[in-house]
Amino acid sequence: MLCLIRVFLLLATSSAVAAERPNFIIIFTDDHGYADLSAQDVFSDIRTPNIDALARGGVRMTSGYSTAPQCVPSRAGLLTGKYQNRFAVESNKEALDGFNAQQTIAERLRKVGYATGMIGKWHLGPASEISTHGFEDVFYRGGSWTNFDFDGKDVAAGTANNEMYHLDAGSAAAKAFIKRHHDEPFFLYLAYRAPHVPLDATPDYLARFPGKMPERRRQALAMLSAVDDGVGGVIESLRKYGIEEDTLIFFIGDNGAPLKIHKLDAPGGGPGWDGSLNDPMNGEKGMLCEGGIRVPFVVSWKGQIPAGQTFDHPVIALDAAGTILPLAGCGEDPKLDGVNLLPFLTGQQTTAPHERLYWRWIAQAAVREGNWKYLRGGSREYLFDLSKDKEEKYSVLKQHRDVADQLRKHLQTWSQQLQPPGLETGAMAETWEQYFDFYLDGKPAPPLPQRRSTASSAQINGWVTRNGRAEIKNGLLVIRRAANAKQSPFIAANGLKMKGPLTAEIRLRAAKAGSLKVSWREADQKDFTANQVASVDCQAAETVRPYRLSIPTTAQVVHVRLIMPTSAADIESIEFKNQDGKIIQRWTF
């Protein structure tokens, strides 16, 4: 009996401690422009009702910032609560030794008894190393590496066997994580790869946005709609287990949208404008202008943070760690750059959380103090009064040189604490010079990038032709090499979700004998690789013949290229089957 009493008291004490310590969720989007929450009230085409409800139930930060205008550094800053420049993670190209030496939010929370999970895009090293940064449960990039399933059960670490759209898979994994840990304090980092390229929204989400608009815009809206559905599912799960009021949620973008100045509606969904918009902010990803670093930013904690607020003081993604760790019982860490926002959001403190915010990204640096923002890029300097000019259209440096001088001094002092020290770590690239010319100096836009003269820009049934031209004639996709092309034509399809291993069957008529090839890109790869190519010999024929190629990967294939055997080929059909012989994608012409 005495043992039973002790067990009961231990369980009661554990439950009381769990109730006192909130759960934490950080939802991080990818290349998501400031304009693209309907709660921002900038454009009417975006529809994000669940995220809007989160904002109405908490606080929408009108001056919420990321720590960098690029993916890797902004994630390193978020997860450590420190300016990532302090440990030499300046840009996507830097080594991650400095990050690996830091304690993440997850590592700190694990030490005080929290369950921890990471879902989605990591971008801070190999998937197999995510668990070394404090995350017990991992569901990486739609399941291309995971150690738990959609039922919330442990599985052997490796590739998940699912064919779900990667955004939906991440949302399903988030609900599974909550199911798995709803009766203990938890931290969930849910990092959607949206609306980052490659743009790959499914037909169901695309159908929500009919009407005339750039196709890249439609893709971005559709991908963000998938994210919004996922946020709705997360909230529904919290309510199901009665823990909504025990959970503090951050929703933050990692940086602004890439526009490439022209917002070119290029086919294929690959590199270029991602369809998202930064209005009314000036600039884009790759700049320390507002358009590159001011992002959607929402904080919500039902019953603790008064609902329906807008908060105009500048805050930064570092504040997620600054808020979470004290609430979890980790204590105050003076080495963190983020601050605890809770007293400011509950009205206990009415001053600004930060005296200044700082940024450095390669050849650019900036500081914001109140409504003043000093920005430099290479040898160029600007000063903006954001209370009158949040679009950063009119530099007032000449009129307020004393303000600019003072802010420059603060920026220089801060930069000496970084690795390496100084206001820049490299020279201005030509692209950034063009961005500054256009967005800040009022010069004409540079010429549109030239499309390859050897490639067709039109999509036919989802396939784009390169090094040639294609048209449909008599039920065949007729492909001919362009006159000035030096290589065989190929066709490419992106935004696929085909779980390998696969067999491709192409019914084709070749004008001359040659080699038909298929190359593929997997979900966690940025580009095609030389070793991922299958080929089969084709014979010259007057009739269509079937050709089969094996794709041995066990990962999810998202992008394929079919390289024609000669300068002229006609395709009747293309189909991909899984290892059970089931057709998972088929095209006829």
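The values are calculated or read from the model by the stated rules, or taken from the named source; none is laboratory data. Small disclaimer: the values here were computed from a predicted structure and weren't measured. Counting neighbours? That spans all protein chains shown, and the Cβs are built from the backbone with ideal geometry, glycine included. What goes into the accessible areas is simple: the full protein's heavy atoms, side chains included, and nothing from ligands, DNA or RNA. Shrake-Rupley method; radii C 1.70, N 1.55, O 1.52, S 1.80 Å.
So, of the residues in segment 512-531 that are within 24 Å of residue 481 (Cα to Cα) and free of Cβ contacts under 8 Å to residues at least 40 places away in the same chain, which turns out to be nearest to the chain's Cα centre (by Cα)? Step through it out loud before you land on a result.
In the first step, residues of segment 512-531 are kept if they are within 24 Å of residue 481 (Cα to Cα); the result is 512-521, 527-530.
Okay, now just the ones that are also free of Cβ contacts under 8 Å to residues at least 40 places away in the same chain, so 521, 527-530.
Details: 521: 18, 527: 17, 528: 20, 529: 22, 530: 26 Å.
So the residue we want is 527.
When you scan segment 244-259, how many residues do you find that are farther than 26 Å from residue 291 by Cβ and either open to solvent by 10 Å² or more (accessible area, probe 1.4 Å) or at pLDDT below 95 (or both)? Show your work before the answer.
Within segment 244-259, the subset farther than 26 Å from residue 291 by Cβ is 244-248.
With either open to solvent by 10 Å² or more (accessible area, probe 1.4 Å) or at pLDDT below 95 (or both) added as a condition, the list becomes 244-246.
Qualifying residue count, segment 244-259: 3.
On the basis of being polar (S, T, N, Q), modelled with pLDDT of 95 or more, farther than 22 Å from residue 127 by Cβ and surrounded by 15 or more Cβ atoms within 10 Å (Cβ to Cβ), does residue 104 make the cut? So that I can check it myself, show each step before the final result.
Numbers: polar (S, T, N, Q): yes; modelled with pLDDT of 95 or more: yes; farther than 22 Å from residue 127 by Cβ: no; surrounded by 15 or more Cβ atoms within 10 Å (Cβ to Cβ): yes.
No: the conditions fail for residue 104.
Given the conditions (1) in contact with a strand residue (DSSP E or B) (Cβ under 6 Å, 6 or more places away or on another chain); (2) not in a strand (DSSP E or B), report the number of the one that residue 42 does not fulfil.
Against the list (1) in contact with a strand residue (DSSP E or B) (Cβ under 6 Å, 6 or more places away or on another chain); (2) not in a strand (DSSP E or B), residue 42 comes up short only on (1).
Name the single residue that is farthest from residue 25 (Cα to Cα) among those in segment 107-132 being open to solvent by less than 10 Å² (accessible area, probe 1.4 Å) and aliphatic (A, V, I, L, M).
124
Having 1 or more residues that are closer than 21 Å to residue 387 by Cβ and not acidic (Asp, Glu) is the bar; report the strands (runs of 3 or more DSSP E) wholly within segment 225-323 that clear it.
Values: elements: 247-253, 297-300, 309-311.
Of the strands (runs of 3 or more DSSP E) lying wholly inside segment 225-323, those with at least 1 residues that are closer than 21 Å to residue 387 by Cβ and not acidic (Asp, Glu) span 297-300, 309-311.
Could you list, in sequence order, the residues of segment 305-326 that are among the hydrophobic types (A, V, I, L, M, F, W, C) and open to solvent by less than 40 Å² (accessible area, probe 1.4 Å)?
Across segment 305-326, the qualifying residues are 305, 311, 315, 316, 317, 318, 320, 321, 324, 325.
Answer with yes or no whether residue 221 is of a type outside the set (Gly, Ala, Ser), under 21 Å from residue 314 (Cβ atoms) and outside any loop (DSSP other than H, G, I, E, B).
Details: of a type outside the set (Gly, Ala, Ser): yes; under 21 Å from residue 314 (Cβ atoms): no; outside any loop (DSSP other than H, G, I, E, B): yes.
Criteria not met by residue 221.
What residue, among those in segment 380-401 that are open to solvent by 40 Å² or more (accessible area, probe 1.4 Å), touching a residue at least 40 places away in the same chain (Cβ under 8 Å) and part of a loop (DSSP other than H, G, I, E, B), is nearest to residue 305 (Cα to Cα)? Give the derivation first.
Going residue by residue through segment 380-401, those that are open to solvent by 40 Å² or more (accessible area, probe 1.4 Å) are 380-381, 387-388, 390-391, 393-395, 398-401.
Now restrict to residues that are touching a residue at least 40 places away in the same chain (Cβ under 8 Å): 380, 390-391, 393, 395.
Now restrict to residues that are part of a loop (DSSP other than H, G, I, E, B): 390-391, 393, 395.
Details: 390: 27, 391: 30, 393: 35, 395: 37 Å.
Ranking the qualifying residues of segment 380-401, first place goes to 390.
Those residues that are of a type in the set (D, E, K, R) and closer than 30 Å to residue 430 by Cβ, I need them from segment 242-272; list them, please.
Filtering segment 242-272 down to residues of a type in the set (D, E, K, R) leaves 244-246, 254, 260, 263, 265.
Matches in segment 242-272: 254, 260, 263, 265.
Which of the numbered conditions does residue 227 fail, given that it passes all the others? Conditions: (1) open to solvent by 20 Å² or more (accessible area, probe 1.4 Å); (2) out of contact with any Asp or Glu (no Cβ under 8 Å at 6 or more places or on another chain); (3) closer than 24 Å to residue 69 by Cβ; (4) β-branched (Val, Ile, Thr).
Checking residue 227 against (1) open to solvent by 20 Å² or more (accessible area, probe 1.4 Å); (2) out of contact with any Asp or Glu (no Cβ under 8 Å at 6 or more places or on another chain); (3) closer than 24 Å to residue 69 by Cβ; (4) β-branched (Val, Ile, Thr), the one that fails is (1).
If we keep just the residues of segment 133-171 that are among the small types (Gly, Ala, Ser) and either free of Cβ contacts under 8 Å to residues at least 40 places away in the same chain or part of a strand (DSSP E or B) (or both), which is most open to solvent (accessible area, probe 1.4 Å)?
Going through segment 133-171, the residues among the small types (Gly, Ala, Ser) turn out to be 134, 142-144, 152, 156-158, 160, 169-171.
If we keep only those that are either free of Cβ contacts under 8 Å to residues at least 40 places away in the same chain or part of a strand (DSSP E or B) (or both) too, we end up with 134, 152, 156-158, 160, 169.
Values: 134: 6, 152: 14, 156: 92, 157: 65, 158: 16, 160: 20, 169: 0 Å².
The residue in question is 156.
From the list 264, 288, 221, exactly one residue is within 23 Å of residue 441 (Cα to Cα) and out of contact with any strand residue (DSSP E or B) (no Cβ under 9 Å at 6 or more places or on another chain). Which is it?
Values: 288 fails: out of contact with any strand residue (DSSP E or B) (no Cβ under 9 Å at 6 or more places or on another chain); 221 fails: within 23 Å of residue 441 (Cα to Cα).
None of the others qualify; the one that does is 264.
Restricting the first residue to segment 251-272 and requiring it to be more than 26 Å from residue 297 (Cα to Cα), which pairs with a second residue that is open to solvent by 50 Å² or more (accessible area, probe 1.4 Å) and not in a loop (DSSP other than H, G, I, E, B) meet a Cβ separation below 6 Å and a spacing of at least six or different chains?
265/215; 267/459
For residue 338, are the conditions met, namely being in contact (Cβ under 8 Å) with a residue 24 or more places away in the chain, open to solvent by less than 10 Å² (accessible area, probe 1.4 Å) and either small (Gly, Ala, Ser) or farther than 30 Å from residue 184 by Cβ (or both)? Don't jump to the end; show me each part of the working.
Working: in contact (Cβ under 8 Å) with a residue 24 or more places away in the chain: yes; open to solvent by less than 10 Å² (accessible area, probe 1.4 Å): no; either small (Gly, Ala, Ser) or farther than 30 Å from residue 184 by Cβ (or both): yes.
Spelling it out, it is not the case that residue 338 is in contact (Cβ under 8 Å) with a residue 24 or more places away in the chain, open to solvent by less than 10 Å² (accessible area, probe 1.4 Å) and either small (Gly, Ala, Ser) or farther than 30 Å from residue 184 by Cβ (or both).
Mind listing whichever residues of segment 281-304 are surrounded by 19 or more Cβ atoms within 10 Å (Cβ to Cβ) and out of contact with any Phe, Trp or Tyr (no Cβ under 9 Å at 6 or more places or on another chain)?
Selection gives 285, 301.
Suppose the filter is within 28 Å of residue 95 (Cα to Cα), without any contact (Cβ under 8 Å) to a residue 40 or more places away in the chain and in a helix (DSSP H, G or I); does residue 431 pass it? Explain how you work it out, then say what you get.
On the way: within 28 Å of residue 95 (Cα to Cα): yes; without any contact (Cβ under 8 Å) to a residue 40 or more places away in the chain: no; in a helix (DSSP H, G or I): yes.
It is false that residue 431 is within 28 Å of residue 95 (Cα to Cα), without any contact (Cβ under 8 Å) to a residue 40 or more places away in the chain and in a helix (DSSP H, G or I).
Tell me which residues, restricted to segment 73-101, are outside any helix (DSSP H, G or I), under 19 Å from residue 121 (Cβ atoms) and out of contact with any strand residue (DSSP E or B) (no Cβ under 9 Å at 6 or more places or on another chain). Before you say what the answer is, go through the steps one by one.
If we filter segment 73-101 for residues that are outside any helix (DSSP H, G or I), which is where we start, we get 81-83, 88-96, 101.
If we keep only those that are under 19 Å from residue 121 (Cβ atoms) as well, we get 89, 91-94, 96.
Those that are outside any helix (DSSP H, G or I), under 19 Å from residue 121 (Cβ atoms) and out of contact with any strand residue (DSSP E or B) (no Cβ under 9 Å at 6 or more places or on another chain): 89, 92, 93, 94, 96.
So, in segment 206-224, exactly how many residues are surrounded by fewer than 24 Cβ atoms within 10 Å (Cβ to Cβ) and without any contact (Cβ under 8 Å) to a residue 40 or more places away in the chain? Talk me through it step by step, then tell me what you get.
Keep residues of segment 206-224 that are surrounded by fewer than 24 Cβ atoms within 10 Å (Cβ to Cβ), which gives 206-218.
Imposing the further condition that a residue be without any contact (Cβ under 8 Å) to a residue 40 or more places away in the chain reduces the set to 206-207, 210-212.
Counting residues in segment 206-224 that are surrounded by fewer than 24 Cβ atoms within 10 Å (Cβ to Cβ) and without any contact (Cβ under 8 Å) to a residue 40 or more places away in the chain gives 5.
Of the numbered conditions (1) on the phi > 0 side of the Ramachandran plot; (2) buried (at least 16 other Cβ atoms within 10 Å of the Cβ); (3) free of Cβ contacts under 8 Å to residues at least 60 places away in the same chain, residue 367 satisfies every one except a single condition; which is it?
So residue 367 meets the others, but not (1).
If you scan segment 409-425, which residues turn out to be open to solvent by less than 40 Å² (accessible area, probe 1.4 Å) and part of a loop (DSSP other than H, G, I, E, B)?
Step one: of segment 409-425, the residues open to solvent by less than 40 Å² (accessible area, probe 1.4 Å) are 411, 414-415, 418, 422-423.
Across segment 409-425, the qualifying residues are 418, 422, 423.
Can you work out which of the residues in segment 40-60 that are among the aliphatic types (A, V, I, L, M) and surrounded by fewer than 23 Cβ atoms within 10 Å (Cβ to Cβ) is farthest from residue 304 (Cα to Cα)?
If we filter segment 40-60 for residues that are among the aliphatic types (A, V, I, L, M), which is where we start, we get 42, 46, 51, 53-55, 59.
Next, from what is left, pick out any that are surrounded by fewer than 23 Cβ atoms within 10 Å (Cβ to Cβ): 42, 53.
Numbers: 42: 29, 53: 16 Å.
Taking the candidates together, the pick is 42.
Which of (1) crowded, with 20+ Cβ neighbours inside 10 Å; (2) closer than 26 Å to residue 169 by Cβ does residue 578 not meet, given it meets every other one?
Answer for residue 578: the failing condition is (1).
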